[in-house]
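Visitor: Provided herewith is a single structure, encoded as structure tokens, for subsequent inquiry.
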Amino acid sequence: MTEDVRRKLGLRPVINVSGTMTSLGASIVVPEAIAAMAEILPQFVEINDLQRKASAVIARLTGAEAGHITASCSAGISLAVAGAMTGDNLLAIERLPDQTPARNEVIIQMGHIVSYGAPVDQAVRLAGAKPVIIGQATSTHRFHMENAITDKTAAAVYVVSHHVVDYGLLNLLEFVEIAHARGVPVIVDAASEYDLRIFLAQGADMVLYSGHKFLGGPTSGIVAGKKELVRHAYLQNLGIGRGMKVGKESVYGAMAALEAWEKRDHAGIRERETGYLRLWKETLDGRPGVNAVIEPDPTKNPLDRLRVNISAQEAHITAWDLASALAGGDQPIIVRDHEVEHDYFYLDPCNLHPGQETIVARRLAEELDRARASNEIIATPFENRSRHCFDGLLRWPD
Ligand SMILES: *Cc1c(COP(=O)(O)O)cnc(C)c1O
């Protein structure tokens, strides 16, 4: 990287060890997708035919009957739910989200109502559907779901994510069994999952992925599933889908990313990432108040992360103040800090350019040395962090 566009624009050159974050520009787009987008941008194409080609690629990689590319996985949720409500009724499609079709209820477990930057239930409500929330945060039983299904049930949505509660809920096999017994289609949000086949293989009728997370495609979503349901989701482009339009470059870019995924050296990438984790662990091991542990991904994606546990008494800095220190300066390092109030953060190795791992190691050592050398413990109240986390955004664009 000789010429960094970020310097040219006056943006800070972020190093991303937090994972695939929309707020940081998602992922490193693979060269195949970049080339595909450049190739198609100057040409006119018949979009429905291009999406037909995408359908064939999606079908091959996922085992689905059909598929299409959307603006994002979030858009895919709204379109899939809308399709389950309207079928191919073109008038109903135009009337959404106001005039609700006869079947407008969508079942979802309370422990699955998470935020991926926006609430998952909002993606359902955008379609004009009414979420029917079943169970409690940490428990759903069969009776919750069985009693929630009515003549108005259009679909049931199942979320796969490290954000969801990972115990006490219905697993996908049970969820599918209960839904199918009453003829209800199951839509799986698998935005950030590696395995492109497993959820359909477990009986889901539709599955949604992000094109810009593990796949390294342009900002996009992938809808895959039963042909009729996929068609009904696709028809929403005549309605609510218009505001979620996906262009030719994203359709073709996502196709190229899918094809690159088939050929990717997955084992080689894993090995490189494991090397990063070892380097960071060696950098941290033996430091007072720091305990670094390699942990598997919570949803079993083939990916490990380094969990960095910080004891402020000995390290002389809290986990969140260390995260902030790393994120400051002219080369910000953004760590994975969703659970930082529990005195740890993670380092995610999957969005690094070669060489950045050593910068991360050096900055960790620098900030920990600095804290340890100070006589005071750097410990800002955690509440300040949550109180002020939207301050910058609320002043945007200033
Ligand atoms: C990222 C994510 C989304 C949103 O995906 P986009 O493609 O960014 O819209 C939805 N659900 C889950 C579980 C996610 O992790």
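The values are calculated or read from the model by the stated rules, or taken from the named source; none is laboratory data. A quick note: this is a predicted structure, and the numbers were derived from the prediction, not measured. Methodologically, a virtual Cβ is constructed for each residue, glycine included, from the backbone with ideal geometry; neighbour enumeration extends over all protein chains shown. Quick note on the areas: whole protein, heavy atoms, side chains included, nothing else; ligands and nucleic acids left out. Shrake-Rupley method; radii C 1.70, N 1.55, O 1.52, S 1.80 Å.
Visitor: Carbon and sulfur atoms: what percent of the 1.4 Å accessible area of the chain do they account for? Could the numbers behind the result be given before it?
Guide: Numbers: 10150 of 19340 Å².
Within the chain, the accessible surface is 52 percent carbon and sulfur.
Visitor: Probe radius 1.4 Å, ligands and nucleic acids left out: which of Lys53, Lys300, Lys8 has the largest accessible area, and how do the rest follow? Mind showing how you got there, number by number?
Guide: On the way: Lys53 130, Lys300 175, Lys8 150 Å².
Of Lys53, Lys300, Lys8, the descending order of accessible area is Lys300, Lys8, Lys53.
Visitor: Oh, and also: Using modelled backbone amide H atoms (1.01 Å from N, in-plane), which distant-in-sequence or interchain residues come within less than 5 Å of Met21's amide H?
Guide: The answer is Ala26.
Visitor: A 23 angstrom limit on the alpha carbon distance is what I want to check against. Which of Lys213/Lys300; Lys152/Lys213; Lys152/Lys300; Lys130/Lys248; Lys8/Lys281 exceed it?
Guide: Details: Lys213/Lys300 16 Å; Lys152/Lys213 34 Å; Lys152/Lys300 35 Å; Lys130/Lys248 32 Å; Lys8/Lys281 34 Å.
With Cα atoms farther than 23 Å apart: Lys152/Lys213; Lys152/Lys300; Lys130/Lys248; Lys8/Lys281.
Visitor: Of Met85, Val30, Thr150, which is farthest on the positive side of the dipole of the chain, counting Cα position, with +1 on Lys and Arg Cβ, -1 on Asp and Glu Cβ, and the Cα centre as origin?
Guide: Met85
Visitor: Additional query: Can you run phi through the Karplus equation (6.51, -1.76, 1.60; θ = phi - 60°) for the range 322-336 and list ³J(HN,Hα) in whole Hz, with x for Gly and Pro?
Guide: 5, 4, 5, 4, 5, 7, x, x, 8, 10, x, 10, 9, 8, 8
Visitor: Counting every Cα pair in the range 31-263, what percent are over 22 Å apart? Let's see the in-between values first.
Guide: Working: 12838 of 27028 pairs.
Of the Cα pairs, 47 percent sit more than 22 Å apart.
Visitor: Moving on. Per DSSP helix of 4 or more residues, -39500 (n - 2.57); summed, then divided by the residues of the chain. What does that give at 222 nm, rounded to the nearest 500? Before the final figure, lay out each step's value.
Guide: Numbers: 17 runs with 163 residues, N = 398.
Helix-only estimate at 222 nm: -12000 deg cm²/dmol.
Visitor: Provide the per residue accessible area, probe 1.4 Å, for the range 31-263, rounded to a whole number of square angstrom.
Guide: Working: 9960 Å² over 233 residues.
Ligands and nucleic acids excluded, the result is 43 Å² per residue.
Visitor: Ok, one more. Over 10 Å intervals from 0, what percent of Cα-Cα pairs in the chain sits in each interval?
Guide: Each 10 Å bin holds this share of Cα pairs: 5, 21, 28, 25, 15, 5, 1, 0.
Visitor: What's the longest bit of the chain with no exposed GluC sites (Glu not before Pro), using DSSP loop states and at most 13 other Cβ atoms within 10 Å as the test?
Guide: On the way: sites that count: Glu3, Glu46, Glu339, Glu376.
Longest gap between qualifying sites, sites excluded: 47-338.
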